[in-house]
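The values are calculated or read from the model by the stated rules, or taken from the named source; none is laboratory data. For clarity, every value in this text was computed on a predicted model and none was experimentally measured. Counting neighbours? That spans all protein chains shown, and the Cβs are built from the backbone with ideal geometry, glycine included. Each accessible area value is taken on the protein alone, full model and side chains, heavy atoms only, with ligands, DNA and RNA left out. Shrake-Rupley method; radii C 1.70, N 1.55, O 1.52, S 1.80 Å.
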Amino acid sequence: MRKQAWAVEVKELTIRFGDFTAVDNISFAVKPGEIFGFLGANGAGKTTTIRTLCGLLVPTSGSARVAGLDFKSGVQALKSKVGYMSQRFTLYNDLTISENMAFAASLRKLKPGVLQSRTRELFKFVEFDYPVKTLVKNLPGGIKQQLSLAASLLHNPEIVFLDEPTAGVSPVIRNKFWALIRKLARAGKTMFVTTHYLQEAEECNRIALMREGRIIALDTPQRLKTQAFPEPLIEINPEVGGSRQWVEKLKLDPRIGCIQPYGRRYHVLIQNQAGWKKVARTMPKSLKTRPIQPSLEDVFIRLVEGGRT
Amino acid sequence: MNPTIKGFLRKEFSQTLRDPRMRVFLFVAPIAQLLIFGYAISTEVRNIRLGVYFSPGDTLAQRIEQRCLASGWFVPAMGPGEDPYRRIQSGRAEAVLIAPPGGLTRAMQRNEGRLQLLVDTTNMIRARGIERYMQMVIQQVISEASPGQEQKPVLNLNLRVLYNPGMQTSFFMVPGVMVMLVCILTILMTSMSLAREKEIGTFETLVAAPIRDWEILLGKTLPFLILGMILVLIILGVAMLIFGLPMTGGFWKFILSSFVFVCTTVSIGTLISTLACNQQQAMMGSFLFMFPGILLSGMMFPIENMPPMLIGIAYLNPLKYFLTLLRNIMLKGGNDQVFWNNLGILALIAVIAIAASFKRFRQTLN
Amino acid sequence: MSAGFRFSRAWSIARKEVRHVRRDPFTLATALGLPILLVVFFGYAIDFNVKDIHMIAADRDNTRASREWLKNFTSSRFFKLEPADPGQDPQSALDTEQAKGVIIIEPGFGNDLGAGRPAEVQILLDGADNSTTGIISGYLIGIQQAAWKKISSGPRVQPLSLQTRFLFNQEQNSRWFVVSGLVVVVIGVLSILLTALTVAREWETGSMELLLSTPVRPLEIIFGKLAPYLGLVLVSVVMVYLVARIQFGLPFMGNHLLFLAGILLFLCLCLAQGLLISVITRQQQLAMQLSFISGLLPTLLLSGFIFPIESMPPFFQYLTYILAPRWFMVISRGLFLKGVGLLELAQPLFMLLLLNLIMMGLALKRFKKDLEP
């Protein structure tokens, strides 16, 4: 047994549906105990990749090893090592909490005793304290997600795949949910999370940016930022309405890389410090400027814009 | 027992049976339907609304009218004695008998004894029945009126109706309604339950679990097989206790054929659900199968009378074989040859349906 | 919940629903395929004029008289006569489903006839099969009379004859009977299949709450959701009407406007019924079950389509008074075949209207009650 094995190792994976290439020749690897984020717009191929890694789809070409198993050693063995929480709510609304857990256990052929102790353990872990006889349809949305997570953890999987786990829940619940994900990672589980919230991606150890079936960047959030923005980023805060013309002027300045609107403010990418200083001197006082750290959103926009040219 | 299958059983039963309204529909409604259709439906010609027009003092025509009403086939027409044609058109009378003016007896003496019968032929089966009954009543009245010319019966037709000597409609209808109810409920329950998993997204959970394809398939179908068999027993109980249907051919034959039939319908339900993506589609798909299935079973209309192409299709119809089996086992003593032949074909259809649904099901999984 | 019904909003919901329908092969197959299936089946497959019924003849007398008598059966073309196996018990032909009836002529038949003694023929019928037994026994009476005339020497003068006029369907064409009722079945079955789950699905998936949170009024939602299906059903009604007239040569003796009024009343009633079921159950499986019981089976079995209402026990006859298909059946057959007018149709039309008011009132009341917090 190799000690430092990858939890997930994907090589040149391609998945096609007919003429449509959903995932196009991607390669990456995930360390055990890591929170690995998959970031991209809808239709970028995130869910397809996850479903393949969970053994639900057969890759057209390329290879994938999950928890030390590849597809040749059988999909069933693979499925029993991973937990999967799908994008859609996959518990039964017309069953009670305990019935749902019992059914999830029977799908994994867990013994009743194991079910009892695991459920107790998990409910404590996710801080879930609703009476188990409650029908799931009567639970609030965020609580349902917690229960979903608990159900996918029932068989104590090494790797947990969460497909947009926080879609459509309130920010408070979302924060709580991410605290859980971190807690699970600390407990040694590999967490594989897809999202299209850029804020969430900051929480990951490493993130892969996906676009049109390809991975266009993969690194820690911090390094992604510094790689994508070797030059500092300036924020312009136009307080007076008339200064809008200035922004238009800046756009035409050859020393400015690009300007992105950001709410009422603008993020300006400069080509070099010296050039920016010259520009800044010509600007009126009403335009407040300050150097800022790029957010993942800036990174994303930059990379996507870059991908287009 | 396989814990996964056990889990499925528990889940499906609590899902299906939790809602009290669903329990009513599953178990009480079939009984109510059996009662309604067993009692209400028949093609017998009864309660014919008859209007008779004769001149005053025509005792013979009057006697014919009385005889008609006493026969039990006819009832008096509604409304006043208006124009005979209008009376039929408006539906107040179904048949009108018109005696010649001046009295029937006198007309007969002139050798012009003609009665005119107007019949509403919208329903031609009834129209023919009405004519036949009227002819019988008239002959009877004539032979009574002229005792001298009474004809000796030269030929006696000794007609015996076997298996149902009382000609009870319920004996005809109940096996047919049983086939229909079992077919409708099992196919609909199975196809909609699977389509529901797809519609609400829980299918993903099943697929992501480390279980074999056959375990999912069996887990999703076995509960409905069991429910279907429970339903068969309930319906049988009502048929025997309330309608007094016999079970002349042996209980095991009945159970075995029912089991094979329910296997077939559950598989067909599965097959339909693999083609549908939501419950409404599953319901329509089930209906597109059940409708021709019921009509081509021989339950209401004889198959022998149909065009050759439809007869060909009817030979592929599992309902036809199950109906033949039920009638033979319950009423006709369960002839071994008939039993094994029909059961064999039904089993063959079942095997094909199971294989096809398994194959399609695996395709949807991957 | 004040007024303010806007067609534009209902219309946009309808357009969305049309897009759904167009992409849904099952709905299209049901809406357009089922009427064709119904017409083909009921138009061509059902024939009440029985022919070629399998009978087995065990002629144990085997004289000229018995053979002559049996010829009555073969010449009638209703029956297909086969000689029985000499070694076999004739009744076993019924047990084994080989024949629908058995004719047994015992030895001495010819002698009895010749001597003027009453001769006897035994006929066994399969009482387990309703579809043929009644018809066979009906024909047997006719055959007996024909045979009687032949056997008894010389033509007898009938002192009293019956002249029957078959009104509205002189040729006694069974297709006229069946096809004139098909419009009822098509509307009844289709509207239930298409709409039973449409609204229930919105509740079950929770999208009804979403729709209701928008400024769209509940009535606009309902109208928008149902309008496309109403259109589909009307298309299939026209289809059935054309096939009935052109292919089956049915007459249409009544007024088309009256027919249209009947169709619309009946259709609205079916849709209101579907809506009421959806609102009460809010769950697709339940809605489906309830639709089957309250809509489909009555339309097929209790409307008088095939099984006459007159033959039902009194309780069920009264029960059919509250069933819309029964009244629309009267209208449809009356207009196609009998040429009735407004006067004759006043009762069924009034009943449809009354049932409509009750059903819609209930549906809207339930619907509105559910919306209040």
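Could you say whether any residue in region B:209-216 is free of Cβ contacts under 8 Å to residues at least 60 places away in the same chain and in a helix (DSSP H, G or I)?
The answer is no; no qualifying residue exists.
What pairs come out if I take residues in region A:140-158 that are buried (at least 22 other Cβ atoms within 10 Å of the Cβ) and pair them with residues that are of a type in the set (Phe, Trp, Tyr) and in a helix (DSSP H, G or I) whose C-beta lies under 7 Å away, six or more apart or interchain?
A:145/A:177; A:150/A:123
If you go through region C:342-363 one residue at a time, do you hit one that is touching a residue at least 12 places away in the same chain (Cβ under 8 Å), small (Gly, Ala, Ser) and within 21 Å of residue C:180 (Cβ to Cβ)?
No, that holds for no residue.
How many residues are open to solvent by less than 10 Å² (accessible area, probe 1.4 Å) and either under 30 Å from residue B:81 (Cβ atoms) or touching a Leu at 6+ places or on another chain (Cβ under 6 Å) (or both) if we restrict to region B:42-63?
Of the residues in region B:42-63, 5 are open to solvent by less than 10 Å² (accessible area, probe 1.4 Å) and either under 30 Å from residue B:81 (Cβ atoms) or touching a Leu at 6+ places or on another chain (Cβ under 6 Å) (or both).
Does region A:100-116 contain any residue that is open to solvent by less than 40 Å² (accessible area, probe 1.4 Å) and away from chain B (no Cβ under 11 Å)?
no
Within region B:307-366, count every residue that is in contact (Cβ under 8 Å) with a residue 40 or more places away in the chain, over 22 Å from residue B:176 (Cβ atoms) and of a type in the set (Phe, Trp, Tyr).
2
Could you check region B:95-127 and list, in sequence order, the residues that are at the interface with chain C (Cβ under 7 Å from one of its Cβ atoms) and within 20 Å of residue C:173 (Cα to Cα)?
The answer is B:117, B:118, B:119, B:120, B:121, B:122, B:123, B:124, B:125, B:126, B:127.
Does region A:173-188 include one or more residues that are open to solvent by 20 Å² or more (accessible area, probe 1.4 Å) and within 13 Å of chain B (Cβ to nearest Cβ)?
Checked region A:173-188: no residue is open to solvent by 20 Å² or more (accessible area, probe 1.4 Å) and within 13 Å of chain B (Cβ to nearest Cβ).
Say whether the condition of being crowded, with 20+ Cβ neighbours inside 10 Å and touching a Ser or Thr at 6+ places or on another chain (Cβ under 8 Å) is met by at least one residue in region B:75-90.
No, region B:75-90 contains no residue that is crowded, with 20+ Cβ neighbours inside 10 Å and touching a Ser or Thr at 6+ places or on another chain (Cβ under 8 Å).
Residue A:86 is checked against (1) more than 29 Å from residue B:7 (Cα to Cα); (2) open to solvent by less than 30 Å² (accessible area, probe 1.4 Å); (3) hydroxyl-bearing (Ser, Thr, Tyr) and fails just one. What number does that condition carry?
Among (1) more than 29 Å from residue B:7 (Cα to Cα); (2) open to solvent by less than 30 Å² (accessible area, probe 1.4 Å); (3) hydroxyl-bearing (Ser, Thr, Tyr), residue A:86 violates only (1).
Do you know which residues across region B:3-35 are of a type in the set (S, T, N, Q) and touching an Asp or Glu at 6+ places or on another chain (Cβ under 7 Å)?
Within region B:3-35, B:4, B:14, B:15 meet the criteria.
What are the pairs, 6+ residues apart or on separate chains, where a residue within region C:302-317 that is aliphatic (A, V, I, L, M) has its Cβ under 6 Å from a residue that is open to solvent by less than 10 Å² (accessible area, probe 1.4 Å)?
Within 6 Å, the pairs are C:302/C:320; C:309/C:320; C:312/B:40.
Residue A:96 versus (1) free of Cβ contacts under 8 Å to residues at least 60 places away in the same chain; (2) open to solvent by 30 Å² or more (accessible area, probe 1.4 Å); (3) within 14 Å of chain B (Cβ to nearest Cβ); (4) among the polar types (S, T, N, Q): which is the lone unmet condition?
All conditions are met except number (2).
Consider residue A:91 carefully, then state whether it is at pLDDT 90 or above, of a type in the set (A, V, I, L, M) and under 17 Å from residue B:197 (Cα atoms).
no
Of all residues in region C:17-43, how many are assigned to a helix (DSSP H, G or I), in contact with a helix residue (DSSP H, G or I) (Cβ under 9 Å, 6 or more places away or on another chain) and without any contact (Cβ under 8 Å) to a residue 60 or more places away in the chain?
10
Within region C:148-158, track down each residue that is surrounded by 15 or more Cβ atoms within 10 Å (Cβ to Cβ) and modelled with pLDDT of 60 or more.
C:148
Is it the case, given these coordinates, that residue A:130 is within 30 Å of residue C:286 (Cβ to Cβ), free of Cβ contacts under 8 Å to residues at least 60 places away in the same chain, more than 14 Å from chain B (Cβ to nearest Cβ) and part of a loop (DSSP other than H, G, I, E, B)?
Yes; evaluated as a whole, the condition is true for this residue.
If we only count helices (runs of 4 or more DSSP H) wholly inside region C:237-335, which ones have 3 or more residues that are under 30 Å from residue B:278 (Cα atoms), more than 8 Å from every other protein chain (Cβ to nearest Cβ) and open to solvent by less than 40 Å² (accessible area, probe 1.4 Å)?
C:256-281
Within region C:217-231, restricting attention to residues that are among the aliphatic types (A, V, I, L, M) and within 20 Å of residue C:193 (Cβ to Cβ), which residue is farthest from the chain's Cα centre (by Cα)?
So the residue we want is C:222.
Within region B:190-206, count every residue that is in contact (Cβ under 8 Å) with a residue 40 or more places away in the chain and surrounded by 21 or more Cβ atoms within 10 Å (Cβ to Cβ).
Summing the residues that are in contact (Cβ under 8 Å) with a residue 40 or more places away in the chain and surrounded by 21 or more Cβ atoms within 10 Å (Cβ to Cβ) in region B:190-206 gives 8.
How many residues, within region A:200-212, are out of contact with any strand residue (DSSP E or B) (no Cβ under 8 Å at 6 or more places or on another chain) and either without any contact (Cβ under 8 Å) to a residue 24 or more places away in the chain or surrounded by 22 or more Cβ atoms within 10 Å (Cβ to Cβ) (or both)?
Total satisfying the criteria: 0.
Can you list the helices (runs of 4 or more DSSP H) lying wholly within region A:1-113 that have 1 or more residues being of a type in the set (Lys, Arg)?
A:46-53, A:75-81
Which residue is farthest from residue C:320 (Cα to Cα), if the candidates are limited to region B:13-30 and must be among the aliphatic types (A, V, I, L, M) and surrounded by 16 or more Cβ atoms within 10 Å (Cβ to Cβ)?
Here the answer is B:22.
Quick check on this structure: which one of C:107, C:25, C:86 is open to solvent by 40 Å² or more (accessible area, probe 1.4 Å) and closer than 30 Å to residue C:210 by Cβ?
Going through C:107, C:25, C:86 in turn, just one is open to solvent by 40 Å² or more (accessible area, probe 1.4 Å) and closer than 30 Å to residue C:210 by Cβ: C:25.
Just give me the residues in region B:279-306 being open to solvent by 10 Å² or more (accessible area, probe 1.4 Å), in contact (Cβ under 8 Å) with a residue 60 or more places away in the chain and more than 7 Å from chain C (Cβ to nearest Cβ), in sequence order.
B:289, B:294
Suppose we filter region B:130-160 for residues that are more than 7 Å from chain C (Cβ to nearest Cβ) and modelled with pLDDT of 70 or more; how many remain?
10
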